[in-house]
Amino acid sequence: MSSSYTVYIFDKTYTLAVPTSLNSNMPMYDKTILLYSGTDNKINFNLVDSDNKPYDLTSQQAFFNMTDIETNETVLAKQLTISDATRGKCNTTVLVNELYNLAPGLYHFSAYVQDSSGAKKLVYTDRAGDAVGVVEIKGDSFPTSRSTKVASSFTLKNTWYYSNNLSGASEQNLTSRAHTIAIYTTNFNGNVAIEGNLDDTASTDDDDWFVIPIQGMGATQTQFTPASADPKIEPYQFNTAVRWIRVKYKPATGNAGTFDQMLLRN
């Protein structure tokens with residue numbers, strides 16, 4: 001028995017209003033722009049004037065910005081491609097790699113036009129005259145994977161070697177607290193500890209970092225002793241909600257081996 005299903009491809013077109021007079025006839029309502037992780041997303045825009053007629057984009061440029069809804073930080077900025085200037089039609093394609101590091105959820109967007117003299121005009125998204133719209137990134141339509149982060153650059157400070165800072169992936173969502181690490185050593189003898197930091201930008205002050213207790217590594221650190229001269233990989237799993245993660249190690253007296261790297265997946 002066979003089954004057939006009908007699927008639809010929707011033309012995602014959104015209307016934005018450019019103010020051209022005091023009496024404005026804004027779009028009746030704004031539609032949330034939907035973007036899907038794992039694929040390229042083309043967005044079409046119709047720009048209209050205050051009389052709800054096509055806005056002439058001849059000799060003008062148009063721009064689109066996405067911002068974090070909490071921090072107002074720009075996460076994506078695109079110049080729109082004008083496909084039909086006299087009819088106010090333009091578009092952009094948000095590429096799959098541009099969404100890779102953006103968590104599913106809600107974002108703000110704004111747009112503006114710029115004439116040949118450099119003068120800019122914000123565009124409006126609805127009848128209330130709002131200049132900020134909503135973008136929703138959906139992450140459940142296509143399978144995605146996260147890259148492995150590598151700590152392989154180390155700086156000596158006060159007898160400890162500190163790695164480069166790795167993202168704790170706290171921006172992915174509130175439940176992204178599971179982390180897996182793999183520590184690579186070769187004939188290494190010394191202490192190893194994992195640290196976390198909560199600052200938006202990783203702090204350069206070691207006092208702002210704290211040790212993450214990890215089962216199998218002891219309360220604060222663990223002693224690595226070489227069982228042989230062969231390279232060794234030690235895996236660990238832990239749960240924590242931090243913005244940044246790093247590893248530090250301190251070679252024991254007489255250590256003849258190397259601490260090679262740490263891999264992190266979260």
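The values are calculated or read from the model by the stated rules, or taken from the named source; none is laboratory data. Note that this is a predicted model, so its numbers are computed, not measured. Note that we place each Cβ from the backbone using ideal geometry, even for glycine, and neighbour counts take in every protein chain shown. Ligands, DNA and RNA are stripped out before the accessible areas are found, and what is left, the full protein with its side chains, is counted by its heavy atoms. Shrake-Rupley method; radii C 1.70, N 1.55, O 1.52, S 1.80 Å.
Across region 107-119, what is the total count of residues that are out of contact with any Lys or Arg (no Cβ under 9 Å at 6 or more places or on another chain) and touching a residue at least 60 places away in the same chain (Cβ under 8 Å)? So the answer is 2. Against the test of being modelled with pLDDT of 90 or more, surrounded by fewer than 18 Cβ atoms within 10 Å (Cβ to Cβ) and either of a type outside the set (D, E, K, R) or in a loop (DSSP other than H, G, I, E, B) (or both), the options ALA62, ALA77 yield a single qualifying residue, ALA77.
Restricting attention to region 30-57, and to residues there that are among the hydrophobic types (A, V, I, L, M, F, W, C) and either out of contact with any helix residue (DSSP H, G or I) (no Cβ under 9 Å at 6 or more places or on another chain) or not in a loop (DSSP other than H, G, I, E, B) (or both), which single residue is nearest to LYS12 (Cα to Cα)?
Checking each candidate, the answer is ILE43.
Among the residues making up region 39-97, a single one is within 20 Å of the chain's Cα centre (by Cα) and of a type in the set (Phe, Trp, Tyr): PHE64.
The set of residues in region 185-231 being open to solvent by less than 60 Å² (accessible area, probe 1.4 Å), assigned to a strand (DSSP E or B) and at pLDDT 85 or above consists of THR185, THR186, GLY190, ASN191, VAL192, ALA193, ILE194, GLU195, GLY196, ASN197, VAL211. Residues in region 36-51 that are over 24 Å from ASN97 (Cβ atoms), open to solvent by less than 80 Å² (accessible area, probe 1.4 Å) and at pLDDT below 90: ASP49, SER50.
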